[in-house]
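J.: Structure below; questions to follow.
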């Protein structure tokens, strides 16, 4: 970086006080000429200086970033504020199955573990942006995922609809349900169970629909859930996932206090208990959305298989 020496401009940039090729002080200014004048009036630094140099920048933000870079590089004797990275802000995103998002001053961990976005110079604005972003695209901030064995429940952020609650899936139990029929004929329901993110076929269940003669998926789902919930000897899940939209969600949540989500096939919209609008699955962390799709598809496969079995059995008889 070369500094110009001579007449100071009235522009944004970085200036330097130098003597005998040693940088004494580096600063930034919206108006370099006026800022240096202030130094000369108020600081004894000007009496120690042999030369004053400058670099013009396009904006005050560019000046701030350049100032920090130069101070770290040259370590001027009379600068204090920028001798470490604490005035920079970065957004860190962990490379975990359910990533954590956080603000940090110093990107110290290797890139193989984290992705960093930045630097940013205004911490208050950055926090405000992340707060607003979280309302639209919930993300995790907890340092460690709670252990389901310890009996923990989703934190306040989940109840504020600002966290996808990966703790429900990291040591948790999920049951996914689907209905399969053709115009109400040989209607079948499925329940598949995932424990700690993996299918547990010991707790797969299938249901032959009894009550609904009409092709009414909501009524059929409600029947399946009512029958399932009567089996208290089966461990209750931490989360229920049903295939469908708002109607299926309402049917499921009316039966139990267990958290419920519904996934509509057409656009992969996720309906969550308490949310007025669905969340597009593609806007959630990839690992989370992949898990939800996997559970939904497994329930669909299991329901179709039983429906085909019932249909073939009827045709053969």
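J.: Kindly provide the set of residues from the stretch 263-293 that are in contact with a strand residue (DSSP E or B) (Cβ under 9 Å, 6 or more places away or on another chain) and within 22 Å of residue 100 (Cα to Cα), ordered by number.
T.: 270, 272, 279, 280, 281, 284, 285, 289, 291, 292, 293
J.: Exactly one of (1) within 25 Å of residue 270 (Cα to Cα); (2) at pLDDT 85 or above; (3) in a helix (DSSP H, G or I) is unmet by residue 126. Its number?
T.: The single condition residue 126 does not satisfy is (1).
J.: May I pose another question? Condition test on residue 54, is it in contact with a strand residue (DSSP E or B) (Cβ under 6 Å, 6 or more places away or on another chain), modelled with pLDDT of 80 or more and surrounded by fewer than 18 Cβ atoms within 10 Å (Cβ to Cβ)?
T.: no
J.: Moving on to the next point. Where residues in the stretch 21-46 are modelled with pLDDT of 85 or more and assigned to a loop (DSSP other than H, G, I, E, B), which of them is farthest from residue 64 (Cα to Cα)?
T.: Among those residues, the one meeting the criterion is 31.
J.: Okay, moving on. Would you mention how many residues in the stretch 190-203 are surrounded by fewer than 20 Cβ atoms within 10 Å (Cβ to Cβ), touching a strand residue (DSSP E or B) at 6+ places or on another chain (Cβ under 9 Å) and closer than 15 Å to residue 294 by Cα?
T.: 6
J.: Can you report the number of residues in the stretch 1-20 which are surrounded by 14 or more Cβ atoms within 10 Å (Cβ to Cβ), under 19 Å from residue 71 (Cβ atoms) and modelled with pLDDT of 85 or more?
T.: Number satisfying all stated conditions: 7.
The values are calculated or read from the model by the stated rules, or taken from the named source; none is laboratory data. Given the structure is predicted, the values throughout are model-derived calculations rather than measurements. Glycine gets a Cβ as well: all are built from the backbone with ideal geometry, and neighbour counts include every protein chain shown.
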